[in-house]
Amino acid sequence: MKPTTAPKTYRVKSFGCQMNVYDGERMAEMLGERGIVPAPEGEEADLVVLNTCHIREKAAEKVYSDIGRLQKADGTKPLIAVAGCVAQAEGEEIMARAPAVSMVVGPQAYHRLPEMLDKAVRGERATDTDMPAIAKFAALPERRRTNPASFLTVQEGCDKFCTYCVVPYTRGAEISRPYADLVTEAKKLVDAGAKEITLLGQNVSAWSGEDAKGHRVGLAGLIRDLAKVDGLARIRYTTSHPADMDDDLIAAHGEIDKLMPFLHLPVQAGSDRVLKAMNRSHTAESYLKLLERFRAARTDLALSGDFIVGFPGEAEAEFEETLALVDEVAYAQAFSFKYSPRPGTPAATMDGQVSKEVMDERLQRLQAALNRDQLAFNQGTVGRTCEVLVERKGKHPGQWLGKTPWLQSAWFEGDVGIGDLVAVELLEAGPNSLAARLRQPALSAA
Ligand code: SAH
Ligand code: SF4
Ligand code: F3S
């Protein structure tokens with residue numbers, strides 16, 4: 001590669017899960033420390049970071065088409081860094097397949113992006129997919145800028161090894177960030193304008209640490225202490241695994257007002273045979289029992305889940321068990337996917353791979369059921385007055401989007417600002433959002 005001038009502007013494009021969004025923000029902050037500024041809307045950036053996702057085939061293939069689109073005939077602009085889970089899984093392949101890429105950096109190594117950038121400017125290509133446990137967080141700059149609803153990674157990695165999933169390979173083993181670091185970062189986020197913090201982890205409920213008094217605490221203990229941070233109004237967490245949900249976390253939902261009444265708890269399938277083949281540690285029944293306990297602690301809890309249709313060997317009758325589970329739970333929202341074979345995972349070579357047609361048909365039926373329940377949930381909240389956090393402007397002048405405690409999008413008009421917490425009355429429900437009316441002026445200014 002030819003040496004080039006140091007970049008003045010950057011663009012970070014994050015794909016995949018919320019943790020990638022968090023990582024993308026932190027990479028942007030590092031570049032900001034170096035005096036590199038975000039490229040103005042509509043203008044090309046000198047440096048583009050593609051923060052990639054490897055979870056399904058389509059997501060991973062996107063990287064190569066994005067690189068193709070960025071490439072210039074003279075080979076000078078822009079500098080391209082590939083970060084995230086595809087970088088971790090396919091670093092060498094990217095370097096070989098895409099000469100326009102000068103940096104490949106994995107999710108546990110991105111604190112070294114600035115050094116790699118120096119090399120890239122000198123014309124050297126660099127790859128870093130090391131997995132030093134937790135080193136990255138200490139090396140990142142302090143939080144200074146954030147959204148009213150912001151993310152905070154508390155736990156990373158996965159030891160569960162579901163047979164379809166790449167995450168244990170791309171994010172590494174489960175680690176918990178230290179309690180004190182998290183309290184400090186949460187306070188910085190609040191100082192920077194955060195009103196709501198979503199605690200993130202691939203298995204966030206597996207978080208554990210030592211509190212200020214040296215006591216061993218789980219996620220509920222951390223939430224209890226974060227709830228004491230002045231200026232922080234709302235706490236959420238995602239994603240949980242049914243295996244790690246303890247009594248304390250269930251109780252926390254009944255006791256901590258700032259903990260929002262929402263639980264994303266993926267089940268994946270309704271058939272016990274399929275769940276076993278997936279290496280999920282729960283059965284349909286143990287999952288339902290767990291939800292019952294959460295609902296008993298917090299009666300208005302909104303539930304969310306993830307589903308995979310067409311896992312290898314899934315029979316029609318087994319898929320119908322997924323539909324039956326959905327009917328029983330009545331989710332407020334959910335994500336559903338066609339099974340995608342991932343290289344290196346056990347399920348990719350299992351017998352009984354399901355055809356695309358069958359997967360398409362099953363996904364349609366599942367999504368029809370999930371959409372029906374989502375609309376019904378939204379309709380069930382019509383007439384309620386609740387607090388929303390104003391996150392952005394709408395299309396029409398004076399129109400705003402706020403999020404309800406149950407994570408619904410509510411549209412309303414009025415004299416408010418981004419970051420305000422205001423009371424609205426929910427008037428009319430659609431499948432994906434509600435129309436609302438402002439009930440009172442801002443409770444707290446942004
Ligand atoms: N740690 C979280 C999130 C994992 S990825 C969890 O355990 O739930 C988010 C979702 O992507 C998963 O819950 C699963 O539904 C889906 N997913 C993961 N691997 C997949 C694959 N190979 N094909 C299709 N969907 C997949
Ligand atoms: Fe993947 Fe399973 Fe771990 Fe979730 S729990 S990240 S689905 S291996
Ligand atoms: Fe994708 Fe990696 Fe997240 S594979 S879903 S970006 S952990």
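The values are calculated or read from the model by the stated rules, or taken from the named source; none is laboratory data. Everything numeric in this text was worked out from a predicted model, so none of it was measured. Note that each Cβ is placed from the backbone with ideal geometry, even for glycine, and that neighbours are counted across all protein chains shown. To get the accessible areas, we keep the full protein, side chains included, count just its heavy atoms, and leave off ligands, DNA and RNA. Shrake-Rupley method; radii C 1.70, N 1.55, O 1.52, S 1.80 Å.
If you build a Gaussian network model of the chain, linking Cα atoms that sit under 10 Å apart, which residue out of Asp351, Asp130, Asp327 swings the most?
Comparing Asp351, Asp130, Asp327 in the GNM, the peak value goes to Asp351.
Antiparallel versus total DSSP beta bridges in the stretch 9-128: what percent is that, nearest 5? Don't skip to the answer; put the middle values down first.
Numbers: 0 of 20 bridges.
Here the share of antiparallel DSSP bridges comes out near 0 percent.
Out of all DSSP beta bridges in the chain, what portion is antiparallel? Express it as a percent rounded to 5.
Working: 24 of 68 bridges.
Among the beta bridges of the chain, antiparallel pairing accounts for roughly 35 percent.
Through the Karplus equation 6.51 cos²θ - 1.76 cosθ + 1.60, θ set to phi - 60°, convert the phi angles of the stretch 302-315 into ³J(HN,Hα) values in whole Hz; use x for Gly and Pro.
Running phi through 6.51 cos²θ - 1.76 cosθ + 1.60 with θ = phi - 60° gives 8, 10, 9, x, 10, 9, 10, 9, x, 4, x, x, 5, 7 Hz.
What whole number of Å gives the distance from the Cα centroid of the stretch 214-270 to the Cα centroid of the stretch 137-157?
Distance between centres, Cα-based: 18 Å.
Over all Cα pairs of the chain, how is the pair count split among 10 Å bins, expressed in % and running from 0 up to the last occupied bin?
P(r) for the chain, in whole percents per bin: 4, 19, 28, 28, 17, 4, 0.
Checking the table Lys195/Lys395; Lys188/Lys395; Lys188/Lys213; Lys58/Lys188; Lys289/Lys403; Lys13/Lys195 against a 26 Å threshold on Cα-Cα, which pairs fail? If you can, show how the numbers build up before the last one.
On the way: Lys195/Lys395 23 Å; Lys188/Lys395 31 Å; Lys188/Lys213 22 Å; Lys58/Lys188 36 Å; Lys289/Lys403 29 Å; Lys13/Lys195 24 Å.
Too far apart for the 26 Å limit: Lys188/Lys395; Lys58/Lys188; Lys289/Lys403.
Hey, any idea what % of the stretch 135-380's accessible area is carbon plus sulfur with a 1.4 Å probe?
Details: 5140 of 9970 Å².
That fraction is 52 percent.
Viscosity 0.692 mPa s, temperature 37 °C: give me the Stokes-Einstein translational D for the stretch 79-196 in µm²/s, with Rh taken as the Kirkwood radius over C-alpha pairs. Display every interim value, and only then the final one.
On the way: Rh = 15.8 Å.
Taking Rh from Cα pairs, D becomes 208 µm²/s.
Taking Cα pairs under 8 Å and at least six residues apart, what relative contact order does the stretch 9-128 come out at, in percent? Working shown, then result.
Details: 192 pairs, mean separation 27.3, N = 120.
Answer for the stretch 9-128 is 23 percent.
In the full protein assembly as shown, how much of Cys386 is accessible to a 1.4 Å probe, in Å² to the nearest 10?
Here the residue's solvent-accessible area equals roughly 10 Å².
Using only the alpha carbons of the stretch 275-415, what is the convex hull's orientation-averaged projected area in square nanometres?
Its average projected convex-hull area is 11.2 nm².
Using a probe of 1.4 angstrom, how much of the accessible area of the stretch 9-128 is carbon and sulfur, in percent? Walk me through the numbers before you get to the answer.
Working: 2520 of 5060 Å².
Carbon with sulfur: 50 percent of the solvent-accessible area.
More than 28 angstrom separation, counting every C-alpha pair in the stretch 135-380; what % is that? Kindly include the intermediate steps, with their values, before the conclusion.
Values: 11223 of 30135 pairs.
Value for the stretch 135-380: 37 percent of Cα pairs lie more than 28 Å apart.
Quick check for you: with a 1.4 Å probe and neighbouring chains kept, what is the accessible area per residue of the chain, in Å²? Each step should come with its number before you reach the end.
Numbers: 19430 Å² over 446 residues.
Solvent-accessible surface per residue comes out at 44 Å².
Taking amide H positions as placed in the peptide plane 1.01 Å from N, state which residues far from Phe335 in sequence (5 or more) or on other chains have amide H under 5 Å from it.
When sequence neighbours closer than 5 places are left aside, the close amide H contacts are Gly305, Asp306, Phe307.
Expressed as a whole percentage, what fraction of the accessible surface of the stretch 385-438 belongs to carbon and sulfur atoms when a 1.4 Å probe is rolled over the protein heavy atoms? Please report the intermediate quantities before stating the final value.
Values: 1180 of 2440 Å².
Carbon with sulfur: 49 percent of the solvent-accessible area.
Can you tally the net charge around Leu232? Count Lys and Arg as +1, Asp and Glu as -1, for every other residue whose Cβ sits under 9 Å from the Cβ of Leu232. Before the final figure, lay out each step's value.
Details: positive: Lys187, Lys195, Lys228, Arg234, Lys258; negative: Glu196, Asp230.
That works out to +3.
Rounded to a whole number of µm²/s, how large is the Stokes-Einstein D of the stretch 9-128 at 20 °C and 1.002 mPa s, given Rh as the Kirkwood radius over C-alpha pairs? Could the numbers behind the result be given before it?
Details: Rh = 14.0 Å.
Answer, rounded: 153 µm²/s.
On a 1.4 Å probe surface of the protein chains, which of Arg122, Arg298 comes out largest in accessible area, and what is the full order? Walk me through the numbers on the way to the answer.
Details: Arg122 140, Arg298 55 Å².
I get Arg122, Arg298, largest accessible area first.
Using modelled backbone amide H atoms (1.01 Å from N, in-plane), which distant-in-sequence or interchain residues come within less than 5 Å of Asp46's amide H?
HN-HN under 5 Å from Asp46: Lys8, Thr9, Tyr10.
Based solely on C-alpha atoms, express the radius of gyration and the Dmax of the stretch 301-382 in angstrom.
14.1, 48
For the chain, list the cysteines whose Cβ sits under 4.7 Å from no other cysteine Cβ?
Here Cys17, Cys53, Cys85, Cys158, Cys386 come out as lacking a disulfide-compatible partner, given the Cβ-Cβ threshold of under 4.7 Å.
Under a plain spin-label model, where a point goes 7 Å from the Cα along Cα-to-Cβ, how far apart in nm are Lys8 and Ser65?
So the label points at Lys8 and Ser65 sit 3.3 nm apart.
Take the chain, connect every pair of alpha-carbon atoms lying under 10 Å apart with a spring to form a Gaussian network, then pick out the residue of Leu189, Leu290, Leu263 with the largest mean-square fluctuation.
Fluctuation is largest for Leu290.
Roughly how many Å² of Thr198 are accessible to a 1.4 Å probe, to the nearest 10?
Near enough 10 Å² of accessible area.
In a solvent-free Debye calculation with one equal scatterer on each Cα, what is log10 I(q)/I(0) for the stretch 385-438 at q = 0.20, 0.21, 0.23 Å⁻¹, listed in the order of the q values?
Ignoring solvent entirely, the Cα scatterers give -0.56, -0.62, -0.76.
Can you give the % of DSSP beta bridges in the stretch 135-380 that are antiparallel, to the nearest 5? Intermediate values should be presented prior to the final figure.
Values: 5 of 26 bridges.
Of the beta bridges lying entirely in the stretch 135-380, close to 20 percent run antiparallel.
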